[in-house]
Amino acid sequence: MDEIYASLGLGPEVYAFGGKVLAGLTGRFAAIDAVAEYNQAKVLRAMQASRVSGACFATSTGYGYNDLGRETLEAVYAAVFHTEAALVRPQITCGTHALALALGAVLRPGDELLSPVGTPYDTLEEVIGIRPSLGSLAEFGISYRQADLKPDGSFDYDAIRAAISDKTKLVTIQRSKGYATRPSFSVEQIGELIAFCKSVKPDVLCMVDNCYGEFVEMREPSDVGADMTVGSLIKNPGGGLAAAGGYICGTTACVEACARRLTAPGLGKEVGANLGQLPAMYQGLFLAPTVTAGALKGAVFAANVYEKLGFACVPNAAEPRHDIIQAVTLGSAERMEAFCLGIQAAAPVDSHVTPVPWPMPGYDSDVIMAAGAFVQGSSIELSADGPIRPPYAVYFQGGLTWYHAKVGILMSLQKLYERGLVSLKEIKNE
Ligand SMILES: *Cc1c(COP(=O)(O)O)cnc(C)c1O
């Protein structure tokens, strides 16, 4: 084992340190496996109940009328998420698109959107118009309000109650922390928040940005009252195999509105060729529970490694997980670059390139991204990224297998270690 790792560029000090950390994680890993086992059965049952057959894998082109595979896949997603309906399409280009679609589908001029969990994910700022942008909801006369979290990361129910008005049509709840160092929310917490919002205003709609959260727990936000649960197929539910796409699972009324927004009024779900993407979308969903479990083990391992070295981690080494993202506050741009270099060096694709910060569309500061992925930008694959701004936190996620996630984390440490950016003494003290 030492030898094969040495051949990857991993020194004995870092490898031995990793081994010691890992020895303490047996119980955590068993709990992750139990959730994966449950979710595997849930996905399997959904595929059986929806009568998935070989005919579902056929390619459709053009309008894509009467696409059995597309309709069955949407039935499978609805069964997994326990919703009335689902829209699952390769034409939904990414997570931001899925969220923008859901917002644009149900909001009308004069309506107000509320985020009761503070500022939403960076790319949504332009969608909503928090940062002015051509085509934003603000340009269509849709206003926005937010209630910030309390300093301890909990919901500020008084502020939320005060923010809900006659105009409030939709509440958007982001499950995962995104590029913030607040905690991610459990499905149970999301359920409490939805129940609270609906107790203040019974007809308000609740949407959950479920990116990175799928299959981390036994339940999804749609099990606790969300009208729309939204995510990206190049994150957890695509299982690393889906080449592109997004999903919206929810009530028939909401999903129909989304379908009409994606295609056109009058067309809705009836059109949308699958372009040969369905086999990967089905098989990826089938693998998603175990792929997510591998990524979760990587996240837990990373938190335990970096916390021992004195870096603040969100979630911390011991906390339960509600998504696959691990934030590590490295405190400097230099360390962020070394960390990302290690993740990149551990990739199966593009391991020879050096990640450099760049002004990524949709983000308001330079972002560094390390990813050597089979699918471009896929963050269920081993990846790390973060905006170059204080507190200089890197967000680590993914790994199609736990063993690959392990190599990636150890390689990130190797690069920090080689550049003298972590103290060897602390490693030896272990
Ligand atoms: C990734 C992500 C998005 C946006 O997804 P893209 O596919 O990058 O557009 C939105 N919200 C959260 C919480 C995310 O993690």
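Values quoted throughout were computed directly from the atomic coordinates according to the rules given, and no laboratory measurement underlies them. From a predicted model like this one, the values you see are computed outputs, not experimental measurements. Using ideal geometry, Cβ is built from the backbone for each residue, glycine included, and neighbour counts are taken over all protein chains shown.
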Completion exercise
Fewest-first ordering of D111, D364, D67 by Cβ atoms within 10 Å yields D364, D111, D67
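Find how much the distance from E37 to A333 grows on full extension, using 0.36 nm per residue of separation minus their present alpha carbon separation; answer in nm with one decimal.
The span from E37 to A333 would gain 102.6 nm if fully extended.
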Practice task
Take every Cα pair under 8 Å in the chain that's 6+ residues apart, average their separations, divide by the length, and report that relative contact order as a whole percent.
Solution key: 18 percent
Exercise for the section: Name the residues whose placed amide hydrogens come within less than 5 Å of the amide hydrogen of Q146, ignoring near sequence neighbours (fewer than 5 apart) on the same chain. Expected result: S115
Problem - Principal axis box of the chain, alpha-carbon based, largest edge first, Å - result: 64, 52, 38
Exercise for the section: Using the Karplus curve 6.51 cos²θ - 1.76 cosθ + 1.60 with θ = phi - 60°, work out ³J(HN,Hα) for each residue of segment 284-289 in order, rounded to whole Hz, and write x for Gly and Pro. Expected result: x, 4, 4, 7, 3, x
Completion exercise
For the table K177/K201; K42/K235; K42/K415; K177/K415; K150/K406, the rows whose alpha-carbon distance is greater than 29 Å are K42/K415; K150/K406
Exercise for the section: Give me the percent of Cα-Cα pairs in segment 59-276 that sit more than 25 Å apart, rounded to a whole number. Expected result: 35 percent
Exercise for the section: Per residue of segment 186-196, in order, report the coupling 6.51 cos²θ - 1.76 cosθ + 1.60 (Karplus, θ = phi - 60°) as ³J(HN,Hα) in whole Hz, putting x for Gly and Pro. Expected result: 6, 4, 4, 4, 4, x, 5, 5, 4, 4, 5
Practice task
Would you work out which of V255, P120, P265 lies farthest towards the positive end of the dipole of the chain, given +1 charges on the beta-carbon of Lys and Arg and -1 on that of Asp and Glu, about the Cα centre?
Solution key: V255
Exercise for the section: Take the Cα atoms of segment 119-240, build their convex hull, and give its volume per residue in Å³. Expected result: 116 Å³
Problem - Radius 10 Å from Cβ of P387, net charge of other residues (Lys, Arg +1; Asp, Glu -1) - result: -3
Exercise for the section: Just add up the charged neighbours of I164: K/R +1, D/E -1, any other residue whose Cβ is under 14 Å from the Cβ of I164. Expected result: 0
Practice task
State to the nearest 20 debye the size of the charge dipole of the chain about its Cα centre, where the only charges are +1 on K and R beta carbons and -1 on D and E beta carbons.
Solution key: 220 debye
Practice task
Give me the net charge of P132's neighbourhood, meaning all other residues with Cβ under 10 Å from the Cβ of P132; Lys, Arg count +1, Asp, Glu -1.
Solution key: -2
Problem - Potential lengthening between V356 and E13 on full extension [0.36 nm per residue; Cα-Cα distance subtracted] - result: 120.8 nm
Handout entry: Cross-link partners of K297 among aspartates and glutamates (Cα-Cα below 17 Å; sequence separation of 8 or more within a chain)
Key = D33, E37, E214, E217, E307, E319, D323, E381
Completion exercise
A correct Karplus calculation of ³J(HN,Hα) over segment 80-92, with 6.51 cos²θ - 1.76 cosθ + 1.60, θ = phi - 60°, whole Hz and x for Gly and Pro, returns 5, 8, 6, 10, 5, 8, 8, 10, 9, 9, x, 6, 7
Exercise for the section: Going by C-beta contacts inside 10 Å, put V204, V21 in order with the fewest on the left. Expected result: V204, V21
Exercise for the section: Would you mind telling me the antiparallel percentage of the DSSP bridges in the chain, rounded to 5? Expected result: 60 percent
Exercise for the section: List the relative contact order of segment 59-276 as a percent without decimals, with contacts defined as Cα pairs under 8 Å and 6+ residues apart. Expected result: 31 percent
Exercise for the section: Just grab the label-to-label distance for R161 and T26, each label 7 Å out from Cα along the Cβ direction, in nm (one decimal). Expected result: 5.0 nm
Handout entry: Debye log10 I(q)/I(0) at q = 0.09, 0.11, 0.18 Å⁻¹ for segment 25-138, Cα point scatterers
Key = -0.41, -0.60, -1.02
